[in-house]
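The values are calculated or read from the model by the stated rules, or taken from the named source; none is laboratory data. These figures come from a predicted structure and were not determined experimentally. Note that each Cβ is placed from the backbone with ideal geometry, even for glycine, and that neighbours are counted across all protein chains shown.
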Ligand code: ASP
């Protein structure tokens, strides 16, 4: 049977740790002089992106190349692929190239699942579907936290994490929340009622998810704070008066962190709007793990591609 990575929802704690352990082992490959292993030699990976992307596309592309796979990047305008049939046609054309893995980003929730159902031979990786899931971002966030807590002898299991801002439209938050619940963590969703409605917590069917509408109350006692970008491209109505008003209430600053959760570390999935979601002193300060998140992106995508398409041992030295 062909394996896919369509979301974090439904993954067990062990499956998540398997991805993270594999990713950790690939961190070392990226530090070598020759950053390449022969693991996926002869395999073909198609990255098809119906939405713009810088970080995610680049890191999937580099990850495939470091594993010695052939990678092809296809950018497709979302407007030409509004109907399921058209998406299916596109995918069938790509399937005729016989890829081993198809990495897809699409503005419609569920598009990668639809593609996976209609492909017989290729593994599908969801690189972000609408406001639904972004599993590789969640895995790289989890890897970053696992490394951070391990350095001080702590475990990533049992922590308290808060997501601040546009949780309603954030696929990053959704995937992360499923991951943290699988690990047994407590989750707080923080933002105005329009972006964090009370019933959003019920989606996750867990009493370990709570909602806070005041930033100070929400941050109280957290180990980790994730600042989310305002997803204006997914907002079809006015959820906030304007960005200035929003940032007065919800921009995460060093002052509020020092008061409410002095030991916390901060993540941001990018792209980051300084002064709207997070202040520059936090983003560039000692509690920021943002640069580390970006560094972990390649290792996590190598692990995902490797676990889906492997035929050889992961860390052989590359002999051209
Ligand atoms: N890069 C992330 C995503 O594709 C986060 C964001 O765009 O805000 O969802």
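The helices (runs of 4 or more DSSP H) found entirely in the stretch 65-182 that carry 1 or more residues being within 16 Å of the chain's Cα centre (by Cα) and over 25 Å from residue 196 (Cα atoms) are 111-118, 135-151. Considering the conditions (1) surrounded by fewer than 19 Cβ atoms within 10 Å (Cβ to Cβ); (2) at negative phi; (3) touching a helix residue (DSSP H, G or I) at 6+ places or on another chain (Cβ under 8 Å), residue 184 is excluded by exactly one of them, (2). Selection of the stretch 26-50 for residues being surrounded by fewer than 21 Cβ atoms within 10 Å (Cβ to Cβ) and touching a strand residue (DSSP E or B) at 6+ places or on another chain (Cβ under 6 Å) yields 44, 49. For the residues 91, 115, 103, the requirement of being crowded, with 16+ Cβ neighbours inside 10 Å, away from the ligand (no atom under 12 Å from the Cβ) and at pLDDT 95 or above singles out 103. Restricting 239, 318 to those that are under 22 Å from residue 58 (Cβ atoms) and modelled with pLDDT under 95 reduces the list to 318. Evaluated against (1) more than 30 Å from residue 24 (Cα to Cα); (2) within 16 Å of the ligand (Cβ to nearest atom), residue 217 falls short on exactly one condition, (2). Filtered by the rule that a residue be in contact (Cβ under 8 Å) with a residue 12 or more places away in the chain and in a helix (DSSP H, G or I), the stretch 183-202 gives 198, 200, 201.
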